[in-house]
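In what follows, a structure is listed as structure tokens, so that the remarks can point back to it.
The values are calculated or read from the model by the stated rules, or taken from the named source; none is laboratory data. On a predicted model such as this, the values are computed, not experimentally measured, just so you know. Here the Cβ positions follow ideal geometry from the backbone for every residue, glycine too, while neighbour counts run over all protein chains shown. What goes into the accessible areas is simple: the full protein's heavy atoms, side chains included, and nothing from ligands, DNA or RNA. Shrake-Rupley method; radii C 1.70, N 1.55, O 1.52, S 1.80 Å.
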Amino acid sequence: MVTKALELVEAEGPDALTMRRLAAELDVTTTTIYWHVGSRDELITDIIRQQSEQLAARPIKGTTPRQRIMAAATHIWESAVEHRAITSLAHQSGASSLLQHPLELALAAELEAAGLTGPAAALAQRSILATITGFLVLALRDEASIREDSRSTTLWASTEADLDRSTIDALAAPHDLPKLFEVTLQAVVDSHL
């Protein structure tokens with residue numbers, strides 16, 4: 001049931017998950033769903049736990065501590081973007097920490113393997129997670145909901161600020177978010193190693 005519920009959320013988003021809909025998908029009664037999984041909140045917790053375990057199973061690659069820290073952090077970013085419906089469900093239900101905790105444990109282990117412990121490891125971890133969170137805000141926003149005249153590229157293209165025109169033109173150009181994430185993450189990681 002949990003696997004089917006997870007598939008439903010991944011395919012159609014968090015709003016598609018109702019006990020009636022899940023029962024119909026499994027060709028059972030709604031009572032059967034409640035009997036096996038309890039409440040909708042318990043089902044959501046089970047979905048998030050299952051997704052978390054699946055995400056944590058991905059191996060961390062790299063031969064140097066820096067490469068492995070980058071890989072662990074990038075895995076957190078990629079998992080949230082690739083599974084945006086589950087990320088949204090976790091956020092809506094207040095279970096984002098439950099979803100990310102195993103991935104954060106992997107990152108903490110890599111930081112310790114690089115020689116960072118105690119407050120230094122905590123600062124590095126929190127800096128990396130804050131970077132990831134900021135980029136997720138950009139990656140997961142609905143671009144179609146932003147009016148054209150309110151888009152950053154439009155605002156920069158029409159600015160009359162006293163800046164070099166090449167700076168304005170560069171800021172008015174669309175950005176490569178994955179590349180920007182990688183460069184920023186590298187700078188943050190390097191500042192702690």
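Of note:
- Using C-alpha pairs under 8 Å with a sequence gap of at least 6, the mean separation divided by the residue count of the chain gives a relative contact order of 20 percent.
- Computed E for Ile146/Leu177 - FRET, C-beta separation, R0 22 angstrom, nearest 0.05: 0.90
- Computed label-point distance, nm, for sites Ser39 and Gln92 using a 7 Å Cα→Cβ extension: 1.7
- Between Glu160 and Leu193, the simple label model (points 7 Å from Cα in the Cβ direction) yields a spacing of 4.8 nm.
- With contacts taken as Cα pairs under 8 Å at a separation of at least 6 residues, the stretch 113-193 carries a relative contact order of 44 percent.
- Ordering Leu43, Ser127, Pro102 by the projection of their Cα atoms onto the charge dipole of the stretch 37-146, which places +1 on the Cβ of Lys and Arg and -1 on the Cβ of Asp and Glu, puts Ser127 at the extreme positive end.
- Mean residue ellipticity at 222 nm, helices only, the chain: -23500 deg cm²/dmol; runs of at least 4 DSSP H residues each add -39,500 (n - 2.57), and the sum is divided by the number of residues.
- Summed side-chain charge close to Ser88 - residues other than Ser88 whose Cβ falls under 13 Å, Lys, Arg +1, Asp, Glu -1: -3
- Computed from Cα positions, the angle between helix 2-12 and the longest principal axis of the chain comes to roughly 50 degrees.
- Per-pair calculated FRET efficiency, R0 = 30 Å: Gln67 and Thr117 via Cβ, rounded to 0.05: 0.90
- Atom-type composition of the exposed protein surface of the stretch 1-121 places 53 percent of the accessible area on carbon and sulfur (1.4 angstrom probe).
- Ratio of Rg to Rh over the chain (Cα coordinates, Kirkwood Rh, two decimals): 1.07
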